[in-house]
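For reference, the structure discussed in these notes is given below.
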Amino acid sequence: MNAVLHPRQARDTQAWQAADAAHFLHPFTDFHALAKKGSRIITQADNIYLRDSEGQRILDAMSGLWCVNVGYGRAELIDAATAQLKQLPFYNAFFQTATPPAIELAELLAEVTPPQFQHVFFSGSGSEGNDTVVRMVRRYWDVLGQPERKVIISRNNAYHGSTMAGASLGGMSGMHAQGGLPIPDITHIEQPHWYELGRPQGLSRAEFGRLAASWLEKKILEVGPERVAAFIGEPIQGAGGVIIPPETYWPAVQAICDKYGILLVSDEVICGFGRTGNWWGCETLGSKPDLMTFAKGVTSGYIPLGGVMVGERVAKVLIEQGGEFNHGYTYSGHPVACAVALANIRLIQRERLVEKVRTETGPYLAQQFATLDEHPLVGNAETCGLMGAITLVKEKDRGTPFASELEVGMVCRGHCFGNGLIMRAVGDRMIIAPPLVITREQIDEMMSLIRRCLDLTWADAQARGWV
Ligand code: PXG
């Protein structure tokens, strides 16, 4: 009886792993290697803690995958989904119809985004949101009679998703190498990574920020300003390793976009909904975008939803002169997803989570991260709001990196797994983005786990003669 009602509880870890290996192709995964090793099976979660099929409790310092901002198990979101599923589980928004949750969410997003945003186009994910950006930006210039403006400039080591357009906008060489990407008329400049690119040249953060922005102007002139449609960037690169640009960077980028009249797109899929201590990363980093992509935190990951906030400069042209925009997804404005997003945003407002990150937990995390600077393995440790990165180095004083084949980041990540902490490794950069509901006490708990894992990694590095 129980097996029929709860078939998911009927298997042990090995049985789950065997079935997983037999049928499930995981994203961004070496299928063969994982099948040999076996997946870790996560079975439940509450607040900021996960539990796996072996019963181990794990502090989730990555918010699922940068998304569970309000923490796991929130009744408000669950109830909103249940009620909407009962009332109207699906209807589309294609043929001159709409559903109340989608309308209400559009209205609420206009309220919580910067004032230039009054309209939204919904998608099912961040990747689809960025596909929408490419089509919308090019359509905008077409309607204005400048169809030659097609080129979108992005950055190396950016992540904008995994669809053809998303992966093309992204600057991940490993993704471009598979499938003939990028698609035409997408080009990249170098990223504003001070620690890796500015510091070795002896540049201050401020000087390097201006230099990195000047690469945009150089690229615009190289392509020809009359051919450039838009520039896209994450306020802080997330998947690329929490690359926090110098304060001078985004204002200078904004000035360059203004000078040439090109559209500025802020990919807020990770930085949006409070992650940096403001509702939007562009508010923290200082730009005024024409378009903003969002996903993840809009529903705290409880259900898939994404979209593009469309600034009035673009919206006005598309609405007044554009005619039919031949683009959309079955799940654009999915009522259940929108109902969950409404409950999620209201919860963020009611619990003042954005203010909490800005004034309380963000500064506290920054203070704690500063103490990591003393660790022999740490080249630098930095945060913005509730995002943080720790660069592991071989020689602390000179910032000399480890040989990449040693995979010291993976060694550290292994210790995190073993000690009940989820912290990601991007090369030798260890990164965190915990749920916005994390308390000071929980930050202390996370920091002591991080220190323990750094110590264990240091001991390994010494034992293996790496340092
Ligand atoms: N833009 C940004 C900035 C993202 O971080 C996407 C777009 C695509 O969103 P979807 O919903 O289509 O996945 C993302 C997604 C990682 C990692 O390794 C990051 C993401 C996805 C998967 C892995 O940090 N971000």
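The values are calculated or read from the model by the stated rules, or taken from the named source; none is laboratory data. Since the model is a prediction, treat every value here as computed from it, not as a measurement. Cβ atoms come from the backbone with ideal geometry, glycine included; neighbour counts cover every protein chain shown. Calculation scope for accessible area: heavy atoms of the full protein, side chains included, ligands and nucleic acids excluded. Shrake-Rupley method; radii C 1.70, N 1.55, O 1.52, S 1.80 Å.
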### Query
Within the bounds of region 363-384, is there any residue that is surrounded by fewer than 22 Cβ atoms within 10 Å (Cβ to Cβ), under 21 Å from the mean Cα position of the chain (by Cα) and of a type in the set (D, E)?
yes
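Of all residues in region 364-377, how many are in contact with a Ser or Thr (Cβ under 7 Å, 6 or more places away or on another chain) and not small (G, A, S)? Explain how you work it out, then say what you get.
To start, the set of residues in region 364-377 that are in contact with a Ser or Thr (Cβ under 7 Å, 6 or more places away or on another chain) comprises 365-366, 369, 377.
Next, from what is left, pick out any that are not small (G, A, S): 365, 369, 377.
Matching residues across region 364-377 total 3.
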### Summary
All conditions in (1) open to solvent by less than 50 Å² (accessible area, probe 1.4 Å); (2) under 21 Å from the mean Cα position of the chain (by Cα); (3) within 24 Å of L285 (Cα to Cα) are true of G198 except (2)
### Message
Just to verify a result, which residue in region 303-319, among those that are under 20 Å from V70 (Cβ atoms) and surrounded by fewer than 22 Cβ atoms within 10 Å (Cβ to Cβ), is nearest to the chain's Cα centre (by Cα)?
### Response
P304
### Query
If you go through region 23-45, how many residues are at positive phi and either more than 16 Å from the ligand (Cβ to nearest atom) or more than 24 Å from the chain's Cα centre (by Cα) (or both)?
1
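What number of residues in region 241-261 are in a loop (DSSP other than H, G, I, E, B), in contact (Cβ under 8 Å) with a residue 60 or more places away in the chain and β-branched (V, I, T)? Break it down into steps so the answer makes sense when it comes.
First, the residues of region 241-261 that are in a loop (DSSP other than H, G, I, E, B): 241-242, 244-248, 261.
Of the ones still in play, those that are also in contact (Cβ under 8 Å) with a residue 60 or more places away in the chain are 241-242, 244.
Add one more test, that the residue is β-branched (V, I, T), and what stays is 242, 244.
So the answer is 2.
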### Query
So how many residues does region 222-240 have that are touching a helix residue (DSSP H, G or I) at 6+ places or on another chain (Cβ under 9 Å) and either within 16 Å of the ligand (Cβ to nearest atom) or free of Cβ contacts under 8 Å to residues at least 12 places away in the same chain (or both)?
9
### Message
Any residue in region 160-173 that is at positive phi and touching a residue at least 24 places away in the same chain (Cβ under 8 Å) sitting within a Cβ distance under 6 Å of a residue that is within 9 Å of the ligand (Cβ to nearest atom) and among the aliphatic types (A, V, I, L, M)? List the pairs, counting only those 6 or more apart or interchain.
### Response
none
### Task
Could you tell me whether M446 is within 22 Å of the chain's Cα centre (by Cα), within 16 Å of the ligand (Cβ to nearest atom) and touching a residue at least 12 places away in the same chain (Cβ under 8 Å)?
no
### Message
Any residue that is closer than 26 Å to T361 by Cβ, in contact with a Cys (Cβ under 9 Å, 6 or more places away or on another chain) and hydrophobic (A, V, I, L, M, F, W, C) - is there at least one of those in region 247-262?
### Response
yes
### Message
Here is a check on your reading of the model: is P184 of a type outside the set (D, E), more than 22 Å from G241 (Cα to Cα) and open to solvent by 20 Å² or more (accessible area, probe 1.4 Å)?
### Response
yes
### Query
Are any residues in region 14-50 farther than 29 Å from A75 by Cβ, surrounded by 15 or more Cβ atoms within 10 Å (Cβ to Cβ) and touching a residue at least 24 places away in the same chain (Cβ under 8 Å), and if so, which ones?
Q17
## Note on the structure
A careful count of residues in region 62-101 that are away from the ligand (no atom under 16 Å from the Cβ) and either open to solvent by less than 20 Å² (accessible area, probe 1.4 Å) or among the aliphatic types (A, V, I, L, M) (or both) gives 14
### Task
Check off (1) among the aliphatic types (A, V, I, L, M); (2) open to solvent by 50 Å² or more (accessible area, probe 1.4 Å); (3) on the phi > 0 side of the Ramachandran plot for L221 and give me the number that stays unchecked.
(3)
### Query
So how many residues does region 405-433 have that are open to solvent by 20 Å² or more (accessible area, probe 1.4 Å), touching a residue at least 24 places away in the same chain (Cβ under 8 Å) and more than 22 Å from G202 (Cα to Cα)?
9
### Message
Checking the condition within 12 Å of the ligand (Cβ to nearest atom), of a type in the set (S, T, N, Q), modelled with pLDDT of 95 or more and open to solvent by 30 Å² or more (accessible area, probe 1.4 Å), which residue from S162, S154 passes?
### Response
S162
